[in-house]
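Everything on this sheet refers to the single structure shown next.
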Amino acid sequence: MTRIEVQALRKEYGTTRAVDHLTFAVEPGRVTGFLGPNGAGKSTTLRILLGLDRPTAGTALIGGRRYAELADPLREVGALLDAQAAHGSRTARAHLLALAVSNRIPAHRVEEVLGEAGLTKVAGRRVKTFSLGMRQRLGIAAALLGDPAVVILDEPSNGLDPEGIIWIRELMRSLARRGRTVLVSSHLMNETASFADHLIVLGRGRLLADTPMRDFIDSRIRPRVRFRTTEGGRLRELLLGEGFEPVLGEGGLWTVKGARVDAIGPLAARAGIPILELATEEATLEQAYLDLTAGEAQFASAPTVTQEA
């Protein structure tokens with residue numbers, strides 16, 4: 001099994017510290033989401049990890065080695081950082097074949113990854129004729145070419161249509177199920193929530209969170225339960241006695257912060273209180289992420305000011 005290890009990593013550009021004493025590990029067998037506002041240091045960290053930039057201090061290792069020390073890098077690490085990297089005058093097949101030959105990868109892998117990425121029918125077309133989504137698929141195909149143990153993807157859903165988004169989700173999950181180490185950087189919270197098992201969150205170059213996704217959400221935003229009943233007063237008294245504070249809203253809808261359905265349902269049943277509606281309002285990754293990073297964004301929009309006439 002191959003893991004990614006970042007230890008005390010620091011990167012400075014003049015007086016700007018892009019990465020600040022960063023330490024984390026990415027484990028095999030799960031999809032790790034790599035999150036943070038613009039300027040958080042995600043791209044710099046990935047560039048250092050892939051040998052495209054040198055750290056000021058610290059280490060970024062893949063399987064215990066720096067990227068430059070890997071004997072067959074494309075067969076050990078597959079990465080997509082820029083979907084525009086392929087030469088526009090080459091066909092998709094020629095682009096992948098050049099990568100295969102230069103990295104001692106069997107030529108039959110070209111056709112395999114073209115098929116996996118859904119590009120077989122357009123493999124003979126020049127890359128410059130491709131849409132952004134097709135270029136994205138080609139970049140992912142290139143990342144998979146060497147059948148690597150580690151896959152690093154930056155904004156993999158960018159430009160993909162709905163079918164392509166479903167495909168990339170399942171691809172990442174499949175890679176993790178097969179024991180691969182999968183690190184995915186994204187700005188799309190809802191999309192990340194659909195595939196990530198674990199989260200690493202940066203802010204201003206520092207580590208803000210390194211935790212399972214469900215734990216991250218629950219630690220930032222308390223769950224809520226909503227219910228309707230014909231005996232709201234009675235149920236309210238029972239809930240107060242259990243340490244909850246139910247709040248009555250419009251249309252007779254009650255909400256209870258910090259509660260769960262399996263606590264309220266049995267309580268009402270024992271008291272013979274009829275329940276007309278009972279549901280959990282789960283917090284989202286986006287809510288938890290914004291709660292954590294509210295003061296960490298390098299570029300933030302000013303609040304909208306509404307002027308009265």
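Read-outs throughout are calculated quantities, based only on the coordinates presented, and are distinct from any laboratory measurement. Just so it is clear, the structure is predicted and the values come from calculations on it, not from any experiment. Glycine gets a Cβ as well: all are built from the backbone with ideal geometry, and neighbour counts include every protein chain shown.
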- Query: Among residues other than Phe195 whose Cβ falls under 9 Å from its Cβ, what is the net charge (Lys/Arg +1, Asp/Glu -1)?
  - Reply: -1
- Item | Note, ³J(HN,Hα) from phi for the range 145-153, Karplus 6.51, -1.76, 1.60, rounded to Hz, x at Gly and Pro | 3, x, 6, x, 7, 10, 10, 10, 10
- Query: For all pairs of alpha-carbon atoms in the chain, what percent lies in each bin of width 10 Å, listed from the first bin to the last filled one?
  - Reply: 6, 22, 25, 20, 14, 9, 4, 0
- When the gyration tensor of the range 207-280 is built from Cα positions, what are the square roots of 5 times its three eigenvalues, in whole Å, from largest to smallest? 28, 12, 11
- Message: I'd like the FRET efficiency for Asp82 and Ser174, computed as 1/(1 + (r/R0)^6) with the beta carbon distance as r and R0 of 22 Å, rounded to 0.05.
- Response: 0.40
- Query: What is the Cα coordinate range of the range 189-240 on the first, second and third principal axes, sorted by size from largest, in whole angstrom?
  - Reply: 51, 22, 16
- Any idea what log10 I(q)/I(0) is at q = 0.09, 0.12 Å⁻¹ for the range 110-256, Debye with uniform C-alpha scatterers and no solvent? -0.48, -0.68
- For Leu278, net neighbour charge (Lys/Arg +1, Asp/Glu -1) across residues whose Cβ lies under 9 Å away: +1
- Item | 26 Å Cα-Cα reach of Lys11 towards lysines, excluding residues that sit fewer than 8 places from it in its own chain | Lys42
- Kindly state, to the nearest 0.05, the FRET efficiency for Arg206 paired with Arg234, given R0 = 45 Å and r defined as their beta-carbon distance. 0.35
- Taking the simple approach of a point 7 Å from Cα along Cα-to-Cβ for both Ala71 and Asn190, what is their distance in nm? 4.7 nm
- Note on the structure: Expressed in angstrom and rounded, the centroid-to-centroid distance over alpha carbons for the range 272-292 and the range 69-98 is 44 Å
- Just going by the charge dipole of the chain, with Lys and Arg at +1 and Asp and Glu at -1 on Cβ, which of Ala25, Ala193, Ile217 is farthest out on the positive end? Ala25
- Work out how much length Ile166 to Asp215 would gain on full extension: take 0.36 nm times their residue separation and subtract the Cα-Cα distance, in nm to one decimal. 15.2 nm
- Message: What whole-number volume per residue, in cubic angstrom, does the convex hull of the C-alpha atoms of the range 57-135 give?
- Response: 116 Å³
- Note on the structure: Full extension between Ala98 and Ala263 adds, at 0.36 nm per residue less the Cα distance, a length in nm of 53.4 nm
- Query: So what's Rg/Rh here for the range 1-129, counting alpha carbon atoms and using the Kirkwood radius for Rh?
  - Reply: 1.03
- Go ahead and estimate [θ] at 222 nm for the chain from helices alone: -39,500 (n - 2.57) per DSSP H run with n ≥ 4, summed, over the residue count, rounded to 500. -10000 deg cm²/dmol
- Note on the structure: Expected vector for the range 209-226, Karplus 3J(HN,Hα) from phi with 6.51, -1.76, 1.60 and θ = phi - 60°, integer Hz, x for Gly and Pro, equals 7, 8, 7, x, 4, 4, 5, 4, 5, 5, 6, 9, 10, 6, x, 9, 10, 10
